[in-house]
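> Got a structure here, written out as structure tokens. Questions coming.
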Amino acid sequence: MTSTAHKQYDTLTEAERSFVDGVARHYHEAHGVTWEKGRVMAWMIISDPVEQTLPQICAAVDTTPDEIEQLIEQLTLAGLYRRIDTPGGETRYRLVEDGYPKAVSDTFASWPEYHRIFRFGLDVLDEAGADDARRKRIAEIEELFGHIVGDLADMSKRWEEHRLTAA
């Protein structure tokens, strides 16, 4: 075990704390995520060692297991973290290599289906003779997804080309 295995939040360097808190601030302001959960997400990207137990994660981001266990489970199910059960019974977690790019790609891959569903919703409302106010709510969402989906294929292609040339 390295000397940083039990790193405490107050022993992170100023730059590490700035990064961890910057990510936490973004997730808090943009998505309503608690500061503790945002810190976990950042810490697991830069953690040392890369594999962390729940107590190590809690110490590094100054939180308790109750505040982050659900997040750890969600991110594990989403494929961002890997759960590693050791013979001694100590469970460790690590960020999955290429997990974030895959998660973003998977999210984008689902958007054409959202567009299809909202297009269907417009058809349903048209068949029902829905008034303009009711139709407008779904039309705005359908238009958004229609616009975004048009750009996704090109964006995904550019990302894959970048990954291949960067490797």
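> In sequence order, what are the phi-derived ³J(HN,Hα) couplings for the stretch 29-36 according to the Karplus relation 6.51 cos²θ - 1.76 cosθ + 1.60 with θ = phi - 60°, rounded to whole Hz, with x for glycine and proline?
6, 7, 10, x, 6, 5, 4, 4
> A further question on this structure: Leaving out ligands, DNA and RNA but keeping every protein chain, what accessible area does T63 have, in Å² rounded to the nearest 10, with a 1.4 Å probe?
Accessible surface of T63 is approximately 20 Å².
> Which percent of the accessible area of the chain is formed by carbon and sulfur heavy atoms (probe 1.4 angstrom)?
54
> Using the basic label-point model (7 angstrom from Cα toward the beta carbon), what is the I45 to Q74 distance in nanometres?
A separation of 1.7 nm, rounded to one decimal place.
> Label S105 and R163 with points 7 Å out from Cα along Cα→Cβ: what is the distance between them in nm?
With each label point 7 Å from Cα toward Cβ, the separation is 0.2 nm.
> Next question, about the same structure. When only the heavy atoms of the protein chains count and the probe is 1.4 Å, how do F145, F120, F108, F19 rank by accessible area, highest first?
Descending accessible area places them as F120, F19, F108, F145.
> Determine how many Å³ per residue the convex hull of the Cα atoms of the stretch 11-98 encloses. Could you put the intermediate results ahead of the total?
Details: hull volume 8.7 nm³, N = 88.
Residue-normalised Cα hull volume stands at 99 Å³.
> Also, quick follow-up: Can you tell me the accessible area per residue over the chain, all protein chains present, probe 1.4 angstrom, in square angstrom?
Ligands and nucleic acids excluded, the result is 64 Å² per residue.
> To the nearest 10 square angstrom, what accessible area does M44 show with a 1.4 Å probe?
Around 0 Å² of this residue is reachable by solvent.
> Could you tell me what a quarter of the Cα convex hull surface of the chain works out to, in nm² with one decimal place?
13.6
> What does the charge count around D85 come to, taking other residues whose C-beta lies under 15 Å from its C-beta (Lys +1, Arg +1, Asp -1, Glu -1)? Numbers along the way, then the final one.
Values: positive: R82, R83, R92, R94; negative: E51, E73, E90.
Summing Lys and Arg as +1 and Asp and Glu as -1 gives +1.
> Here is a further query. Leaving ligands, DNA and RNA out of it, work out the accessible area of R17 with a 1.4 Å probe and give it in Å² to the nearest 10.
It works out to around 70 Å².
The values are calculated or read from the model by the stated rules, or taken from the named source; none is laboratory data. Note that the structure is a prediction, hence the values are computed from the model and not measured. All Cβ positions, even for glycine, are placed from backbone atoms using ideal geometry, and neighbour counts span all protein chains on display. All accessible areas refer to the heavy atoms of the entire protein, side chains included, with ligands and DNA or RNA removed. Shrake-Rupley method; radii C 1.70, N 1.55, O 1.52, S 1.80 Å.
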